[in-house]
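Trainee: Sending over a structure as structure tokens; questions will come in a sec.
The values are calculated or read from the model by the stated rules, or taken from the named source; none is laboratory data. For clarity, every value in this text was computed on a predicted model and none was experimentally measured. In this analysis, Cβ positions are derived from the backbone assuming ideal geometry, glycine residues included, and neighbour counts consider all displayed protein chains.
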Amino acid sequence: MSDKTYDTLPDDFFFGAAMSGPQTEGMWQAHGKLENMWDLWSNEDIRAFHNRVGSYAGNDMGARYAEDFKILHELGLSSLRTSLQWSRLLDANGKLNREGADFYHRYLAAAKEEGIEVFVNLYHFDMPGYLFRRGGWESREVVEAYAQYARTAFEEFGQEVVHWFTFNEPIVEPEQRYEHGNWYPFVHDYQRARNVQYGISLAHALATGAFRELQAAGVVRPDAKIGLINCFTPPYTREDPTPADLEAVRMTDGIHNRWWLDLVTKGSLPTDVIDTLAERGITLPVRAGDKEILALGKVDWLGFNYYQPTRVQAPAQDTDEFGNPCFAEPYAWPHAVMNESRGWEIYPKGIYDFAMTMTRDYPDLEWFVSENGIGIEEHNATRDEDGCIEDASYRVPFVRDHLRWVARAIAEGAKCRGYHYWGVIDCWSWNNAYKNRYGFVEVNLQDNYNRHLKESADWLRRVASSHVIAEK
């Protein structure tokens, strides 16, 4: 950073929490909820989940939301981004499940009473299992089912919700489920991964089109906004790159960032990326009328999730062990500072570099930091004699340094409007379950999910209340 320290954020900059329905609600069969993808995997192989804590857990927020909203308010936070669960809102026939809808009405009302504005995301990696069995995002039937789900949500909550988002991190499922094979159904097929990515793109555009239509009809309130949330990050390579290294950067940026940025600002996909994919034998399942559908995908603003940078270099081989094309491979920066619990690099400047990319290439689009946080394993090792988790030594510097780069970016013209910390209250995290803890607030699994403030919570309260980024 420059000699100047940026330690103040604008008065209208908002602070909030980022969470999701499947990671917090629990009650996996209550209120008419159907099986989702995580329930499906948990039921098939509970051993795949850390300490065998499957999707059923959440963090009990479905029962404790009033308490949790009060905690967020007392920490100086004014908003929460979570997600509706498709598998709770609709029944197996794609119709509104009244019991599930009423749960979400109560949830929204309780948040409003506590002064917490809920930002509603429609999808967070949790497709209903029966739709996955019909082809998932590779199926046009499922893409259209998502569009109907979005339309139903807009109709049901259109007068209650101001901030809507179609997807969280739409790049993750193509990669984790279909390219790297880390998540169920454990596929290693680059073509299928891009087919899934294309299906999600169409689904986003159809949902955005439904939002505009219903807003024009007065079903959705006139001040409502629609957006998309992704884990955007500028890719980096070696200091003296070869042309092949720069090509790796271009394609990584194209698949991970520009694909979505072009979709939500231009209503189209980046032609250079599509052309390069085609040269390597990867063709998208385009149908007549898709161009018009994608054109509906322009949004009002963006959410930017940031945990770590992407560092790539030219691949050592053209194809991987599964016969998939290789466009890049990881580059280990020799100066990297690591969070050893996750194996992720800590690089706060990346949040500034993205902000400058947005300011240069997409200057009219507002955005906010929709996720940022640090998860640490074995947090019980820092519990003091009074039972408080002493986490300030690592959590405060992580958030402080990222916020300072945000403050600098705003001072230099970035249209960043707020910051949501991921998992202000500890929550279940996919097959990692509770292995790594992100919260300023502990969820004690041995104490009936009861909440306890961690050492860092006081720092968060002071910063959120004053907008001054305290040193410690």
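Trainee: Check every one of the helices (runs of 4 or more DSSP H) wholly within the stretch 31-134 and list those with 3 or more residues that are under 30 Å from ARG462 (Cα atoms).
Mentor: 61-74, 98-113
Trainee: Continuing with this model, one more query. Return yes when GLU25 is buried (at least 18 other Cβ atoms within 10 Å of the Cβ), of a type outside the set (A, V, I, L, M, F, W, C) and closer than 18 Å to ILE425 by Cβ and no when it is not.
Mentor: Yes; evaluated as a whole, the condition is true for this residue.
Trainee: How many residues does the stretch 297-343 contain that are closer than 24 Å to PRO397 by Cβ, outside any strand (DSSP E or B) and touching a strand residue (DSSP E or B) at 6+ places or on another chain (Cβ under 8 Å)?
Mentor: Total meeting the criteria: 10.
Trainee: When LYS4 is evaluated against the numbered criteria (1) surrounded by fewer than 21 Cβ atoms within 10 Å (Cβ to Cβ); (2) out of contact with any Ser or Thr (no Cβ under 8 Å at 6 or more places or on another chain); (3) closer than 23 Å to GLY373 by Cα, which criterion, by number, is the only one it fails?
Mentor: (3)
Trainee: Only one of these conditions is not met by ASP458: (1) in contact (Cβ under 8 Å) with a residue 12 or more places away in the chain; (2) under 18 Å from PHE15 (Cβ atoms). Which number is it?
Mentor: Result: ASP458 fails condition (1) only.
Trainee: Filter the stretch 154-197 for residues that are outside any helix (DSSP H, G or I), among the charged types (D, E, K, R) and surrounded by 18 or more Cβ atoms within 10 Å (Cβ to Cβ) and give the result.
Mentor: Hit for the stretch 154-197 is GLU169, nothing else.
Trainee: Yes or no: GLU471 farther than 22 Å from GLU67 by Cβ, touching a Lys or Arg at 6+ places or on another chain (Cβ under 9 Å) and either at pLDDT below 95 or crowded, with 23+ Cβ neighbours inside 10 Å (or both)?
Mentor: Judged against the criteria, GLU471 is a match.
Trainee: Can you pull out the residues in the stretch 81-115 that are more than 21 Å from GLN29 (Cα to Cα) and surrounded by fewer than 22 Cβ atoms within 10 Å (Cβ to Cβ)?
Mentor: Hits for the stretch 81-115 are ALA109, ALA110, LYS112, GLU113, GLU114, GLY115.
Trainee: State the number of residues belonging to the stretch 379-396 that are in contact (Cβ under 8 Å) with a residue 24 or more places away in the chain and within 18 Å of VAL463 (Cα to Cα).
Mentor: Of the residues in the stretch 379-396, 4 are in contact (Cβ under 8 Å) with a residue 24 or more places away in the chain and within 18 Å of VAL463 (Cα to Cα).
Trainee: Which one is modelled with the lowest pLDDT, of the residues in the stretch 380-422 that are in contact with a Ser or Thr (Cβ under 9 Å, 6 or more places away or on another chain) and among the β-branched types (Val, Ile, Thr)?
Mentor: Ranking the candidates gives THR382 first.
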